[in-house]
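Notes follow once the structure below has been shown.
The values are calculated or read from the model by the stated rules, or taken from the named source; none is laboratory data. Please read these numbers as outputs of a predicted model, since none were measured by experiment. Neighbour counts run over all protein chains shown; Cβ positions are idealised from the backbone, glycine included. In case anyone asks, the SASA skips ligands and DNA or RNA and just uses the protein heavy atoms, side chains included. Shrake-Rupley method; radii C 1.70, N 1.55, O 1.52, S 1.80 Å.
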Amino acid sequence: MKNWTHTDRIIAPSLLAADFGRVAEETTRAINSGADWMHLDVMDGHFVDNISFGPAIIQAIHETNDVFLDVHLMITRPDHFLPRFIAAGSDLITVHVEPEADHDVSRTLKAIREAGVKAGLAFNPATPFSAVEPYLEEIDLLLAMTVVPGFGGQSFMPEVMPKIEAAVKAREEKGLSFHIQVDGGIGAETGPIATAAGANVLVAGSSTFCAPDMAAAITQLRE
Ligand code: DX5
Ligand code: ZN
């Protein structure tokens, strides 16, 4: 599998917006439309007010498609569930920094990397950059949420952009190379705002899976 760097533009359609009756076929459709990664939103009904899917669905996708699996855990106690998401075939696992996620962030990031999986750290729109700053040396990806997590189809929050600019600055100063991902309300209009701020990984649910032409939507996001 390709080794992406933070200078690559990466498009990651979110399965949350797909037809849940056909997850394997929908993943194939995304890959054939030009998707680089598959973004998989795991929600537990505690950390966010919604329930999506767990490791069994991720494993089913892993077994039917050879695509980079970008797993976004919106759950409490991600450390407890980690082994199951690793076994399911995740290539990257992102956990949240907020105290409500209820885990030792450094220990979880370390456990992810020790399993040979890339480690991501997410922070919500209301969470300041200072909350993730202590962990920048320990991550492969920083996820700046551009909506309050829980549901697809919400409006992009441009007020998050200064935090992305702060992350780019800190990355340069510290000589690091983590990806910067945005998630929520990303489409043809908002994608360029996020990339201008410094994001290189664009998660897009509704604007890709619900587009009349998914390949055209992905091409537009890439450009
Ligand atoms: C939001 C999820 C997102 C969601 C994005 O809680 O983390 O990944 O699927 O959906 P859109 O692109 O429709 O805003
Ligand atoms: Zn997500």
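For the reader, a short list of remarks on this structure follows.
- Within the stretch 61-74, the presence of at least one residue that is more than 16 Å from residue 12 (Cα to Cα) and under 16 Å from the mean Cα position of the chain (by Cα) is confirmed.
- Screening residue 29 with (1) over 21 Å from residue 188 (Cβ atoms); (2) more than 18 Å from the chain's Cα centre (by Cα) gives one miss only, at (1).
- Reported count of residues in the stretch 45-88, each being surrounded by fewer than 17 Cβ atoms within 10 Å (Cβ to Cβ), more than 16 Å from ligand 2 (Cβ to nearest atom) and among the small types (Gly, Ala, Ser), is 3.
- Within the stretch 180-204, the set of residues being in contact with a Ser or Thr (Cβ under 6 Å, 6 or more places away or on another chain) and open to solvent by less than 20 Å² (accessible area, probe 1.4 Å) comprises 182, 184, 187, 203.
- Residue in the stretch 157-202 that is nearest to ligand 1 (Cβ to nearest atom), counting only those that are part of a loop (DSSP other than H, G, I, E, B) and more than 20 Å from residue 38 (Cα to Cα): 157
Table: residues versus (1) in contact (Cβ under 8 Å) with a residue 40 or more places away in the chain; (2) aliphatic (A, V, I, L, M).
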| position | (1), (2) |
| --- | --- |
| 135 | no, no |
| 145 | no, yes |
| 148 | no, yes |
| 177 | yes, no |
| 191 | no, no |
| 202 | yes, yes |
| 206 | yes, no |
| 222 | yes, no |
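- Subset of the stretch 128-148 that is among the aliphatic types (A, V, I, L, M) and within 14 Å of residue 182 (Cα to Cα) - its residue that is most open to solvent (accessible area, probe 1.4 Å): 148
- Residue in the stretch 205-214 that is least open to solvent (accessible area, probe 1.4 Å), counting only those that are small (Gly, Ala, Ser) and over 15 Å from the mean Cα position of the chain (by Cα): 211
- Residues that are over 16 Å from the mean Cα position of the chain (by Cα) and either aromatic (Phe, Trp, Tyr) or away from ligand 2 (no atom under 16 Å from the Cβ) (or both), drawn from the stretch 146-165: 158, 159, 161, 162, 163, 165
- Within the stretch 103-139, the residues that satisfy the criterion of being acidic (Asp, Glu) and more than 24 Å from residue 169 (Cα to Cα) are 104, 114.
- Residue 155 vs. criteria polar (S, T, N, Q) and crowded, with 23+ Cβ neighbours inside 10 Å: no
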